[in-house]
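The values are calculated or read from the model by the stated rules, or taken from the named source; none is laboratory data. These numbers come from a predicted model, not from an experiment. Every residue, glycine among them, receives a Cβ derived from its backbone with ideal geometry; neighbour counts consider all protein chains shown.
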Amino acid sequence: MKLRIVLWIGIILGYLDNTYIFMKSIFLLVLTISFYPIKSQTIIFFEDNALKEKLLEATQENKIAKNKDGEKIKIDVDNNGEIDTNEALFVVSLNLYPGDISKLGGIEKFENLKNLDLATNNLTKFENINLPNLETLDLLDNDIISLKIDNLKNLRTITCQQNKLKKLSIIGLENLESIFCNINPIRKTVLKNLPKLTHIGTDN
């Protein structure tokens with residue numbers, strides 16, 4: 001009888017010990033996940049539906065979007081009619097010419113973007129949009145009256161011909177090489193701290 005009781009006690013203690021080990025493992029797993037969260041995708045909200053529709057038109061058959069290897073790509077890979085932050089990361093070049101785009105809210109989620117062509121749209125301003133890797137920007141043939149690009153530290157070429165700019169002010173872009181801003185009613189030009197600038201195209 002005593003032997004049977006001892007055996008049962010051993011079984012119960014063993015069960016409790018295994019339960020403790022299991023619970024400890026679960027606890028450590030949860031703790032690890034909390035310290036190393038999985039990066040989730042987020043649907044991008046676009047201020048202008050015309051911008052979203054243009055991006056959704058991108059396929060491997062047109063030149064709207066390209067990846068880092070220069071290959072034409074489809075942005076909405078999962079075909080859900082939305083663009084998420086993970087899909088946007090693959091895009092290095094965007095050709096959104098021509099279109100009816102008037103607002104750019106949401107474009108800043110394309111963090112790896114180096115080339116952006118917005119020629120022949122309906123933009124009235126381009127102000128401090130956060131695209132840290134952008135190298136070329138084409139704003140030809142819009143209705144832009146306000147241009148603020150001093151935050152684009154990697155920009156090499158800016159094209160803003162055929163707009164409505166009365167003032168052209170570009171300061172502190174150390175990588176900027178070329179400015180093409182002809183056919184604007186520019187009355188005042190301020191260009192400072194642009195050590196690599198070699199070409200300026202303006203009407204004054």
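Brief remarks on what is shown
- Only one of the numbered conditions (1) crowded, with 16+ Cβ neighbours inside 10 Å; (2) part of a loop (DSSP other than H, G, I, E, B) is not met by residue 175, and that is (1).
- Top-ranked residue of region 150-168 - restricted to ones that are under 9 Å from residue 138 (Cβ atoms) and buried (at least 23 other Cβ atoms within 10 Å of the Cβ), ranked as farthest from the chain's Cα centre (by Cα): 160
- Criterion (touching a residue at least 24 places away in the same chain (Cβ under 8 Å) and either out of contact with any helix residue (DSSP H, G or I) (no Cβ under 7 Å at 6 or more places or on another chain) or closer than 23 Å to residue 64 by Cβ (or both)) met by exactly one of 201, 172: 201
- Among the residues making up region 76-101, a single one is touching a residue at least 24 places away in the same chain (Cβ under 8 Å), part of a loop (DSSP other than H, G, I, E, B) and farther than 29 Å from residue 144 by Cα: 81.
- Qualifying residues in region 81-99 (those that are more than 13 Å from residue 110 (Cα to Cα) and either of a type in the set (Ser, Thr, Tyr) or out of contact with any strand residue (DSSP E or B) (no Cβ under 9 Å at 6 or more places or on another chain) (or both)) - the one surrounded by the most Cβ atoms within 10 Å (Cβ to Cβ): 99
- Boolean, residue 104 is in a loop (DSSP other than H, G, I, E, B), touching a Phe, Trp or Tyr at 6+ places or on another chain (Cβ under 8 Å) and either β-branched (Val, Ile, Thr) or surrounded by 15 or more Cβ atoms within 10 Å (Cβ to Cβ) (or both): yes
- Tally of residues being among the basic types (Lys, Arg) and part of a strand (DSSP E or B) across region 39-75: 2
- So residue 79, is it modelled with pLDDT of 95 or more and under 27 Å from residue 156 (Cα atoms): no
- Residue within region 121-129 that is in a loop (DSSP other than H, G, I, E, B) and of a type in the set (Phe, Trp, Tyr) present: no
- Filter pass, residue 103 being modelled with pLDDT of 95 or more, more than 26 Å from residue 176 (Cβ to Cβ) and among the basic types (Lys, Arg): no
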